[in-house]
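Here is the structure we will look at, set down as structure tokens.
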Amino acid sequence: MRRSLRRLVLPAGLLGLILLLALAAPLLPLADPVRQNIAGRLALPSANFWLGQDEYGRDVLSRILWGARVSLSVALAATIIAAVIGTLLGILGGYFRKFVELVTVRLAEVVLCFPPMLLALLVVTLLGPGAGTLVVSLGILFAPAFACLAYAETLSARALDYVTAQQALGAGPGRILLRTLLPNIAPPLIVQFSLTVASAMVLESGLSFLGLGVVPPSPSWGLMIRGARATMEQAPLLLFWPCLALAGTVLVLNLFCDRLRDALDPRAGGGGPAGFLRRAAALPGPALRKDATPGLLRIRGLTLEITGPRGPVAVVRDVGFSVAPGKTLALVGESGSGKTLTGLAVMGLLPGAVRVASGEILYTSRDGATRDLLRLPEAELRALRGRDLSMVFQDPSSSLNPLLRIGSQVAEALPRAPGRMARVVELFRQVGLPDPEGRARAWPHALSGGQRQRVMIAAAIANHPRLLLADEPTTALDVTVQAQILELLAGLKRSEQGMGMVFVTHNLAVVAQIADRVAVMYAGEVVEEGPVAEVFTAPRHPYTAALIAATPEGEAERLSAIPGAVPQAWAMPAGCRFAPRCSEARPACAQTAPPLQSIGPGRATRCLRWKELA
Amino acid sequence: MLAFAARRLAVSLALVWVVATLVFLVIHMIPGDPAELLLAQGGVAPDPALVADLRERLGLDQPLWTQYATYMGGLLQGDFGLSLQDEHAVADEIALRLPRTLELVATAGLLSVLIGLPAGVLAGLRAGQLTDRILSGIAALALSIPVFVIGTLAVLLLAQKLRLVSAGGYVPFATDPLRHIGLLLMPAGTIAFGLAAVVLRVTRGAVLEVLEREHVRAARARGLPAGAIIRRHVLRNSLTPVVTVVALHLGALLGGTVLVEFVFNWPGLSGYLVRSVEARDYPEVMGIVLVVSAIFVLLNFLVDMLYAVIDPRVRQG
Ligand code: SF4
């Protein structure tokens, strides 16, 4: 059973118990909840009256249980009314839009303008107190929340493919609304339902407490608290029981909602700890490697795991490549091949869910010492980030904090010193931003996508890094802007002496333009590595060959022409991971996983049949 | 910015007008004659002469649109009509009691932000750890105890058992400032108990969400230390949802202080409202509902302005 479901058992069980007790109240051997017994006024708990007797000598236990019936039935009835009316209005408004939307949803929004207690009191004024009024007023009160929720959910579900498909098949709106749309928007509505029951109980008891809700002598928790207040100095227990019953029931309901929400929407609420406050990724062992031959970056045997439903799953397996000073390596692959995660692993910026299982990332810094970044403590790795290692991300619009001026964000990368802003302006000039002084004071939203990426590049090169990781830096941009950014990066290779670059991309045309070497990734593994010219003219892996064949000459095309899809991380083939899609596959391929083998100076491939391919 | 403010203000005024009209319509469209309903308490059929008299006094014998025009005209001059019970001007009574309720709500809001915001940030940054579990657990508990239960228990414990404070009441600030504040803190603290839990939850969620954003990762890639990331890239970005929730709750509280004012004998607007509801005093109820709703709308307007201060993108919007 899923963990989120297991966590649901306890509150669901308690809730069931409360409901059962309320339902069974007439069957239990309880005293009459309204029969007065003046002789037993304020009596303490006894064998006959387990929780004591109230100010009229009535049995408190019996009144609590009967009160649960009243409170729960009012809350449930009101919630059902609100849910039915609200959902109906919301779905109709969201499905038909236009006039219907205006009437239903905007009306709901106006009702939401009233503070809830006020609205309830307004209805009580008009209808007089009583359980019936309560149901009506609470129903009116909570319907708009359902309407708004159902409206929003319908709007998003309406655009889904199968809804459009049903429309195309000629299904009537009634059928679509009931059979297709409703089940799809049900989960958030169910959560809203249980939340509303809790709110309705609180409001009902509040109104009863004021004497404007349930009419005495009917037992209701709010009324019981109201009654016990007068005598609370002599008999505090009398106050305690209904308070406990009310708060306990609401607590159980709230808990139930929280857990239900987690169970229905696994993304929400589960929130892991802030990764960078406790980086779990550092591997044990010494970071400084005196024995290693210096080079800029050498990755060996890098394996990254996530925790799947059935144990750890490797999303990146045994990845290795190296980057020499002043050279550019392109990391190529389809989305989901693990190329971005590999880049993030170098920076130590992996998301919390991804764990480094094994491997080493050797980096030689300016002082000539070689360190394993996977074993470096967070504080030391942080000192390298932004100075030795820097990274440019895929989406420049979300990489900038919208609430801070651009200049001040780029300045973060620079050491605190006078003249910091002048340096920022200089950097902006270097990356070709028009009006660099003005841009430094601008907000991120005032810039175009290409300009934002230039800003990100300016921040990345602020300290003359030795290694620049560019994670699909042009993917989110227009084609013409893409070319400009590529030109800028190619120019940096010349101006920033000795800076190595890892260029992550899915675009082979870009690789030919910018890189010296290329590492092709497939399903979390490097399948081929070598100098760009050699790999492109004589690929030694069927996947590389298929990629090249799928890329039209000089055109920037997505890698999509190979039949089949990348296998899911938890369903990897036992042998060669490319076998299901490989045109060269033989039975042997499905049994042995090929190792990455060296096939000549600076070239490697992960294919059993590379010799036949040549 | 000015154009933005003007546009939002116009929308807010329109909303107030809609609410006023709605209140008017609701009162006049319910089945049965308000005058009859008013006099019919106890289930005895009222004397027709009395009803006719009351109808004339309330202007109910006029056509609906005339009544509407009179009502709107009165509103524009700050005239909410006369109380049916004692013929006092409703506006005067509101003007007397509203500041007390506002004071209560503002104090409660301030207290809950002072407690809930730092606690929520802490819980968010330590999500899943012991600190977070304890804080979130307390919040879940605080959210589940209705405000009048907390208030009543607080009176029992602090005032009656421990005799630390008096059970409730009101003393004007001018008469005795210290005692005024002492009496204010009990109801304000009671409201803040639950509200702080709300603030905590929203803040925690917002912090968690912002921590996952890409600009935080980009800031880390620039080598920023954790403290600077939290200060510059997390806290301020987490503020927007917190502002919304606090404002919405404060607005809801304007009517929701009813229970706390009742428990602590605080002579604010809500107690007045309960009395009017009990007496079915339509002009009073209409006046109070209208004023509170208008403040609610105004609050939303202020929130929008606050957004614009926090987020430069909104100003352009
Ligand atoms: S090992 Fe076999 S299946 Fe895998 S790429 Fe080579 S030929 Fe294709």
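Let's test the formula: R0 of 35 Å, r as the Cβ-Cβ distance of A:ARG175 and A:SER73. What FRET efficiency results, to the nearest 0.05?
0.55
Can you give the mean number of other chain Cβ atoms that lie within 10 Å of the Cβ atoms in peptide B:148-155?
Mean partner-chain Cβ count within 10 Å for B:148-155: 6.
Explain nothing, just compute: Karplus ³J(HN,Hα) = 6.51 cos²θ - 1.76 cosθ + 1.60, θ = phi - 60°, for every residue of the stretch A:461-469 in order, whole Hz, x for Gly and Pro.
9, 4, 10, 6, x, 8, 9, 10, 9
Only helical DSSP H runs with n ≥ 4 go in: add -39500 (n - 2.57) per run for chain A, normalise by residue count and round the 222 nm mean residue ellipticity to 500 deg cm²/dmol.
After summing the helix terms and dividing by the residues of chain A, the value is -15000 deg cm²/dmol.
What helices does chain B have that are whole DSSP H segments, at least 20 Å long along their own axis by Cα, and with mean Kyte-Doolittle hydropathy of -1.0 or more?
Answer set is B:2-29, B:90-125, B:130-144, B:177-211, B:236-256, B:282-310.
How do A:ILE85, A:ILE548, A:ILE457 line up, fewest other C-beta atoms within 10 Å first?
Arranged by neighbour count, lowest to highest, A:ILE85, A:ILE548, A:ILE457 become A:ILE548, A:ILE85, A:ILE457.
Can you compute the charge dipole magnitude of the protein assembly as shown about its Cα centre, using +1 on each Lys and Arg Cβ and -1 on each Asp and Glu Cβ, nothing else charged? Give it in debye, rounded to the nearest 20.
Once rounded to the nearest 20, the dipole reads 3560 debye.
Where the convex hull is taken over the Cα atoms of the stretch B:54-137, what is its projected area averaged over directions, in nm²?
Taking a quarter of the hull surface, the average projection is 9.8 nm².
Kindly identify the stretch B:186-317 as rounded, prolate or oblate by the Cα gyration tensor criterion: order the square roots of the eigenvalues as a ≥ b ≥ c, call it rounded if a/c is under 1.5, otherwise compare a/b with b/c, prolate if a/b is larger, else oblate.
prolate
Classify the stretch A:381-511 as rounded, prolate or oblate from the Cα gyration tensor: take a ≥ b ≥ c as the square roots of its eigenvalues, call it rounded if a/c is under 1.5, otherwise prolate when a/b beats b/c and oblate if not.
It comes out oblate by the Cα gyration axes.
What is the set of long-range amide H partners of A:VAL392 at a cut-off below 5 Å, with H atoms built 1.01 Å from backbone N?
Excluding prolines and chain starts, which carry no amide H, the hits are A:LEU469, A:ALA470, A:ASP471.
Evaluate the relative contact order of chain A (contact order divided by residue number), counting alpha-carbon pairs under 8 angstrom at least 6 apart; express in whole percent.
11 percent
Can you work out D for chain A in µm² s⁻¹ from Stokes-Einstein, where Rh is the Kirkwood radius over C-alpha pairs, the temperature is 25 °C and the viscosity is 0.890 mPa s?
82 µm²/s
Normalising by the residue count of chain B, find the relative contact order in percent from Cα pairs under 8 Å and 6+ residues apart.
27 percent
Counting other beta carbons within 10 Å of each residue's own, what order do B:LEU96, B:LEU111 fall into, fewest first?
So the ranking, lowest neighbour count to highest, is B:LEU96, B:LEU111.
Given a Förster distance of 35 angstrom, what is the FRET efficiency for A:ARG310 paired with B:LEU130, based on the Cβ-Cβ distance and rounded to 0.05?
Taking R0 as 35 Å, the efficiency between A:ARG310 and B:LEU130 is 0.75.
Under a crude label model (7 Å from the Cα following the beta-carbon direction), how far is B:VAL309 from A:ALA230 in nanometres?
Roughly 4.9 nm, to one decimal.
Would you work out which of A:LEU341, A:ILE361, A:PRO219 lies farthest towards the positive end of the dipole of chain A? Charges go on Cβ: Lys and Arg +1, Asp and Glu -1.
About the Cα centre, the residue reaching furthest to the positive side is A:ILE361.
Using r as the Cβ-Cβ distance of A:GLU534 and A:GLN484, and R0 as 41 Å, what FRET efficiency do you calculate, to the nearest 0.05?
0.90
So for each of B:3-13, A:566-576, A:314-324, A:231-241 I average, over its residues, the number of other beta carbons within 10 Å; can you give me the resulting order with the highest mean first?
Per-residue mean Cβ counts within 10 Å order the peptides as A:314-324, A:231-241, A:566-576, B:3-13.
Choose one answer from B:ALA252, B:ALA174, B:ALA294: the residue with the largest mean-square fluctuation in a GNM of chain B with alpha-carbon springs under 10 Å.
Maximum fluctuation in the GNM of chain B, among the listed residues, is at B:ALA174.
Using θ = phi - 60° and the Karplus relation 6.51 cos²θ - 1.76 cosθ + 1.60, list the HN-Hα couplings for the stretch A:185-200 in order, rounded to whole Hz, with x at every Gly or Pro.
Going residue by residue, I get 9, 5, x, x, 5, 5, 4, 4, 4, 5, 4, 5, 4, 4, 4, 5 Hz, with x marking Gly and Pro.
If the reach is capped at under 30 angstrom between alpha carbons, list the lysines near A:LYS611, excluding any in the same chain fewer than eight residues apart.
Cα-Cα hits under 30 Å: A:LYS327, A:LYS339.
For the stretch A:319-334, just list the computed ³J(HN,Hα) in residue order, Karplus coefficients 6.51, -1.76 and 1.60, θ = phi - 60°, integers in Hz, with x standing in for Gly and Pro.
Listing the rounded values in order: 8, x, 6, 9, 10, 8, x, x, 10, 10, 10, 9, 9, 10, x, 5 Hz.
Please identify, among B:PRO187, B:PRO283, B:PRO63, the residue showing maximal mean-square fluctuation in a Gaussian network model of chain B using a 10 angstrom Cα cutoff.
Looking only at B:PRO187, B:PRO283, B:PRO63, the biggest GNM fluctuation is shown by B:PRO63.
Once you put a point 7 Å from the Cα of B:ASN265 and another 7 Å from the Cα of A:LEU613, both along the Cβ direction, what distance in nm separates them?
A separation of 8.9 nm, rounded to one decimal place.
Binning at 10 angstrom from zero up to the longest distance, how are the C-alpha pair distances of the stretch B:93-311 distributed in percent?
That works out to 8, 28, 30, 21, 9, 3, 0, in percent per bin.
Using the 10 angstrom Cβ neighbour count as an exposure proxy, how do B:HIS180, B:HIS215 rank, fewest first?
In increasing order of surrounding Cβ atoms, one gets B:HIS180, B:HIS215.
Values in this text are rule-based calculations from the coordinates and carry no lab data. This structure is a prediction, so every number in the text was calculated from the model and none was measured. Virtual Cβ from ideal backbone geometry, glycine too; neighbours counted across all protein chains shown.
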